[in-house]
Every structure is written in C-alpha cells, then in structure tokens.
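Contents: one structure, followed by commentary.
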C-alpha cells in the first residue's frame, strides 16, 4: 500500500513543457536560458515574477529573487509533438525563448537541471489574455533546430548556407544549432521550412525531439 505522504499531488494538466536549459553567471547574477512550448492550454506573453519564479523552480532552482526576464515567441518543428501531422500548426510547435536572471551565487553547474527535457510546467502567465487571435497567428518567426543534445558539434556551414536561413545560433544547446528563418507568412512559408529541415536531415541531423538519438539517414 502506498503511503499517502509519498503521493504526488495532482496539479492538473500541464501549461508548458520546458526544454534545453543552459545556466551561466556573471557579477552575482545567475542566468537561465531555455525553450518553453505551450501544452495547448495557455501561452506566455509579458511574464510575471510569480510565473518566472515557478519556471525556475520547475527547472530545479528554488531560490530566485530580484528577477529580470525576456520571452520571445517563435515556432519550430524540433519541439513539435506531431512532426508528421498534415496540419502545419501541429508540425510547428508554438515556442518561447526564455531568459531569466536572478541574484544568486550558485554555481551554474549545480544551479538547476541540465537535462534537455521535456520538463513539465504548471506555471501561468497572468498577462496572457487567451484571446482567439493569440491562437490564430499566421505570421511568426521560425527556427529550425537541429542536432542531438550533448551530441558532437554540428558543422554550421552547410546548414547556414541553405536557402531561407538568415543566421545560425550554435549556442542553443551543446550538440545543437538553431537556424533562424526570420518571420514567415504561414502556411505559405511551410515549403521553405520543409526544405531547410530536409537539408538538416541530409547532413544526418535530428530535426525533431522524437527522432531516434542515432544519426538520421539522409
């Protein structure tokens, strides 16, 4: 029989999934950068101290104070739960690049989890109003993320030269790159996204988190 004290309370459905946390520090400020995807119930907008504090706690850092943060929305196929879906909205996960700073002398190596995720989140952003237009956006920034968490370095040169790629971020997570396609009209821009994804796969890179961890066959 399970001891009632050992039972995990049911907090209801998740609001977000958190991915690819990175930690660093400077001048007494700890910084965490990560990606957050909506679980289909709510979104991030401006953020609140309560919301950001909870996000950090869910990533393993429970002593946040004097927070500053930013949230930048985009879409990506890498974090989609249904990469083979016919509907483009299911193949491009609504995502936020989140950066939070807090006063802390914690060692970044021990400040919180370094596991790529997903990490479940019940955080709620009270600045999000859940208007219909927030879910019907058809013009969005798109990033194609490729590689394997903690895998070998990805050569950005052949990927950055793909048609439609504006810039390459090699710091999104160890063993991964993020290809910025800029702001696209959707679904008109889907063929461009698919072409960049195909280029990544031809280089043997994963383009969705559900793909096997080994090399992708071209």
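The values are calculated or read from the model by the stated rules, or taken from the named source; none is laboratory data. As the structure is a computational prediction, the values presented were derived from the model and not from experiment. Quick reminder, even Gly has a Cβ in these numbers, built from the backbone with ideal geometry, and neighbours come from all protein chains shown.
With 110, 103 as the choices, which residue is out of contact with any strand residue (DSSP E or B) (no Cβ under 8 Å at 6 or more places or on another chain) and over 15 Å from residue 14 (Cα atoms)?
110
Here is a list of conditions, (1) within 14 Å of residue 103 (Cα to Cα); (2) not in a strand (DSSP E or B), and residue 54 meets all of them except one; can you say which number that is?
Condition not satisfied by residue 54: (1).
Residues are listed down the side, and each one gets a yes or a no for (1) closer than 23 Å to residue 165 by Cβ; (2) in contact with a helix residue (DSSP H, G or I) (Cβ under 8 Å, 6 or more places away or on another chain); (3) surrounded by fewer than 17 Cβ atoms within 10 Å (Cβ to Cβ):
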position: 36; (1), (2), (3): no, yes, no
position: 49; (1), (2), (3): no, no, yes
position: 56; (1), (2), (3): no, no, no
position: 69; (1), (2), (3): no, yes, no
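Does the stretch 75-92 include one or more residues that are at pLDDT 95 or above, outside the structural domain of residue 194 (by TED's automatic domain parsing), surrounded by fewer than 18 Cβ atoms within 10 Å (Cβ to Cβ) and not in a loop (DSSP other than H, G, I, E, B)?
Within the stretch 75-92, not a single residue is at pLDDT 95 or above, outside the structural domain of residue 194 (by TED's automatic domain parsing), surrounded by fewer than 18 Cβ atoms within 10 Å (Cβ to Cβ) and not in a loop (DSSP other than H, G, I, E, B).
Filter the helices (runs of 4 or more DSSP H) completely within the stretch 121-206 down to those with at least 2 residues that are within 20 Å of residue 90 (Cβ to Cβ).
Answer list for the stretch 121-206: 132-135, 190-202.
Filter the stretch 99-114 for residues that are under 30 Å from residue 166 (Cβ atoms) and outside any strand (DSSP E or B) and give the result.
Those that are under 30 Å from residue 166 (Cβ atoms) and outside any strand (DSSP E or B): 108, 114.
Looking for something without any contact (Cβ under 8 Å) to a residue 12 or more places away in the chain and closer than 25 Å to residue 142 by Cα - is there at least one such residue anywhere in the stretch 38-47?
Yes - at least one qualifying residue is present in the stretch 38-47.
To keep it simple, each residue is scored yes or no on (1) surrounded by fewer than 16 Cβ atoms within 10 Å (Cβ to Cβ); (2) closer than 17 Å to residue 74 by Cα; (3) modelled with pLDDT under 95; (4) touching a strand residue (DSSP E or B) at 6+ places or on another chain (Cβ under 6 Å).
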position: 157; (1), (2), (3), (4): yes, no, yes, no
position: 163; (1), (2), (3), (4): yes, no, yes, no
position: 174; (1), (2), (3), (4): no, no, no, no
position: 179; (1), (2), (3), (4): no, yes, no, yes
position: 200; (1), (2), (3), (4): no, no, no, yes
position: 208; (1), (2), (3), (4): no, yes, no, no
position: 212; (1), (2), (3), (4): yes, no, yes, no
position: 217; (1), (2), (3), (4): yes, no, yes, no
